[in-house]
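Heads up: the structure comes next, in structure tokens.
The values are calculated or read from the model by the stated rules, or taken from the named source; none is laboratory data. The shown structure was predicted, so the numbers you read here are calculated from the model rather than taken from an experiment. Please note: Cβ atoms are built from the backbone with ideal geometry, for glycine as well, and neighbour counts cover all protein chains shown.
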Amino acid sequence: MGKTIDIIKTKRKVSDSVKENMKAFNKIKRQILKSLETEEKTVPQIAQEIDLPLDVVTYHLMTLQKYGNIEAGEVDDMDEFYFYKLKK
Amino acid sequence: MSKTEEYDVLVIGGGISGEEAALNLADQGYKVLIVEKDLSVGGKMIHLSKVFPTLDCSACITTPKVSETARHPNITIYTYSEVSNIDKKSEYDFRALLTKHPRYVIEDACTGCQLCEEACPVTVQDQYQYDLVGRKAVYVPFSIANPRVAAIDIENCSLCGACEKVCPADCIDFTQEEEEIQIKVKSVVIATGFKLFDPTLIPRYGFGVFKNVVTSMQMERQLVPTRPYNNVLRPKDGKVPDNIAYVLCAGSRDETVGNPICSQVCCMYSIKQAQLLMGALPMADVTIYYLHIRSFGKGFNEFYQQSKDMGVTFIKGKIGKIEETENGDLKLRYEDIESGVVKEANHDMAVLSVGILANDGVSSMFNNKLELDQYNFVEQKDILANPAQTNMSGVYVAGTASGPMDIPDSILSAGAASAETSGYLRGGYDEK
């Protein structure tokens with residue numbers, strides 16, 4: 001089968017919200033991955049470093065974990081927060 | 001002009017009740033069509049962790065039945081499809097319109113390899129993980145989906161074409177369009193299931209505002225092997241919770257939200273989750289705030305007592321309000337019913353045990369000729385003698401489409417529906 005994407009492009013337009021969401025997710029993804037380049041970190045540590053709300057970091061971090069970009073490491077000394085690291 | 005297909009029975013809904021009814025009828029030689037609106041059959045049960053009171057693995061019970069249904073020579077399944085305009089011409093002659101929505105993926109060719117997911121640049125909330133994590137715009141719904149094939153969420157697709165480029169099976173097809181099929185059947189089984197109460201309708205509980213207030217389905221997902229996080233964690237900050245509260249009757253037995261009836265399962269699934277949490281988080285405290293514990297089924301009271309023995313705390317109290325304190329912790333203000341005193345308690349996570357409501361649009365499938373009860377569940381005309389009978393002869397109801405019930409009762413109800421359907425098909429129609 002030939003490429004069908006060109007056919008649907010003549011019929012549909014991508015909404016601005018889809019473009020904005022994609023841009024926002026990929027920006028946060030880059031920030032999180034960059035933050036973890038140096039060392040493994042917890043959610044609050046990442047949130048503080050990249051200055052984003054905790055729940056936004058948790059959501060994106062867990063999504064990156066789901067897609068195999070990062071993995072969970074040990075839990076901290078207080079048994080409260082897991083450390084996350086880049087998946088090699 | 002759309003094509004016409006003929007079957008003996010149309011089963012609306014591919015959850016546990018629909019599958020049970022379909023299998024019973026197919027085993028008797030009837031040709032059965034299952035129409036499922038979702039991308040996969042399996043209903044809500046396929047997303048649960050364990051079942052009460054046996055703590056058997058829910059997926060281990062569901063998936064063999066799902067596979068058996070999918071492979072049965074007398075059963076045809078249309079997923080991501082809906083029926084409408086169900087019109088009874090005469091006894092044993094129902095006509096309906098089936099609308100098959102496009103997946104933009106050739107089902108027979110897709111191997112479920114998920115290379116398209118890797119390539120997709122769009123991430124949106126994953127409805128199968130109850131929005132706790134993201135999914136791609138092209139996605140296999142969940143790991144044990146049936147059929148385990150991808151679908152494209154066209155509303156959120158960036159039309160970049162990356163999925164089509166990487167697909168090794170060449171099965172991405174953006175030319176697919178909605179397809180309409182005329183259906184002719186002799187009988188109909190309604191197994192449309194239920195929907196969960198939307199807790200944003202009780203703003204004082206703070207769901208959607210306070211991220212550590214979650215629904216019981218979100219906690220259920222955190223307790224399955226295919227969970228969204230690496231452990232049970234708070235959605236706000238990824239902290240391991242150690243003091244979890246359950247708020248029972250969230251949207252049930254509450255006239256103020258339009259649902260005065262008991263949902264029948266919330267007490268027991270909350271007790272089940274409490275036990276599972278104590279296994280997952282051995283150091284955690286779990287407190288269940290309840291009005292009455294309704295442990296009425298076989299082995300239920302023993303299960304309730306077992307949770308007390310394990311250390312679950314039960315407080316007979318009605319939660320008035322939840323507030324967020326520092327660090328995302330929560331302050332629950334409640335009336336202690338035993339003492340009649342208003343008290344406050346601090347927890348670091350709260351689970352709203354949301355109730356069961358009737359699904360929308362069931363009667364409209366029948367052009368509003370199907371009667372519903374006062375709570376919008378399908379009316380059972382003769383609940384004692386013929387519990388599956390609706391107001392229309394030849395149309396039967398199975399499972400939670402007729403009212404809240406647990407999984408064993410749903411399967412029993414589906415058995416009743418298939419038996420009554422079979423009787424009807426064998427000429428047992430009684431005009432009285």
Requested in this report: Could you list, in sequence order, all residues of segment B:93-125 that are touching a Gly at 6+ places or on another chain (Cβ under 8 Å) and surrounded by 21 or more Cβ atoms within 10 Å (Cβ to Cβ)?
Outcome: B:PHE94, B:THR123
Query raised in the report: What residue, of A:VAL56, A:VAL14, is aliphatic (A, V, I, L, M) and facing chain B (nearest Cβ under 9 Å)?
Result: A:VAL14
Report task. Consider A:ILE5 carefully, then state whether it is within 29 Å of B:GLY161 (Cβ to Cβ), in contact with a helix residue (DSSP H, G or I) (Cβ under 6 Å, 6 or more places away or on another chain) and more than 8 Å from chain B (Cβ to nearest Cβ). Result -> no
Requested in this report: Spot the failing condition for B:VAL257; the list is (1) within 17 Å of B:ASP126 (Cα to Cα); (2) at pLDDT below 95; (3) not acidic (Asp, Glu), and only one is missed.
Outcome: (1)
Query raised in the report: assigned to a helix (DSSP H, G or I), more than 30 Å from B:ASP93 (Cβ to Cβ) and of a type in the set (Asp, Glu) - does that describe any residue in segment B:337-352?
Result: no
Query - Unmet requirement for B:PHE207, which otherwise passes all of (1) under 24 Å from B:SER40 (Cβ atoms); (2) under 22 Å from the mean Cα position of the chain (by Cα); (3) of a type outside the set (Gly, Ala, Ser) - result: (1)
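Against the condition touching a Ser or Thr at 6+ places or on another chain (Cβ under 8 Å), modelled with pLDDT of 95 or more, surrounded by fewer than 22 Cβ atoms within 10 Å (Cβ to Cβ) and not assigned by TED's automatic domain parsing to the domain that holds B:GLY206, how does B:LEU412 come out, does it pass? First the steps, then the outcome.
Numbers: touching a Ser or Thr at 6+ places or on another chain (Cβ under 8 Å): no; modelled with pLDDT of 95 or more: yes; surrounded by fewer than 22 Cβ atoms within 10 Å (Cβ to Cβ): yes; not assigned by TED's automatic domain parsing to the domain that holds B:GLY206: yes.
It is false that B:LEU412 is touching a Ser or Thr at 6+ places or on another chain (Cβ under 8 Å), modelled with pLDDT of 95 or more, surrounded by fewer than 22 Cβ atoms within 10 Å (Cβ to Cβ) and not assigned by TED's automatic domain parsing to the domain that holds B:GLY206.
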Requested in this report: Please work out which residue is nearest to the chain's Cα centre (by Cα), limiting yourself to segment A:65-79 and to residues that are touching a residue at least 12 places away in the same chain (Cβ under 8 Å) and at the interface with chain B (Cβ under 9 Å from one of its Cβ atoms).
Outcome: A:GLN65
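Pick from A:LYS88, A:LYS29, A:LYS13, A:LYS3: which is on the phi < 0 side of the Ramachandran plot and not in a loop (DSSP other than H, G, I, E, B)?
Numbers: A:LYS88 fails: not in a loop (DSSP other than H, G, I, E, B); A:LYS13 fails: not in a loop (DSSP other than H, G, I, E, B); A:LYS3 fails: not in a loop (DSSP other than H, G, I, E, B).
Unique residue meeting the criteria: A:LYS29.
Among the residues of segment B:220-265, which ones are of a type in the set (A, V, I, L, M, F, W, C) and either part of a loop (DSSP other than H, G, I, E, B) or within 14 Å of another protein chain (Cβ to nearest Cβ) (or both)?
B:LEU223, B:VAL224, B:VAL232, B:LEU233, B:VAL240, B:ILE261, B:CYS262, B:VAL265
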Query raised in the report: Does B:GLY403 fit the bill of being over 21 Å from the mean Cα position of the chain (by Cα) and either assigned to a loop (DSSP other than H, G, I, E, B) or not assigned by TED's automatic domain parsing to the domain that holds B:ASP254 (or both)?
Result: no
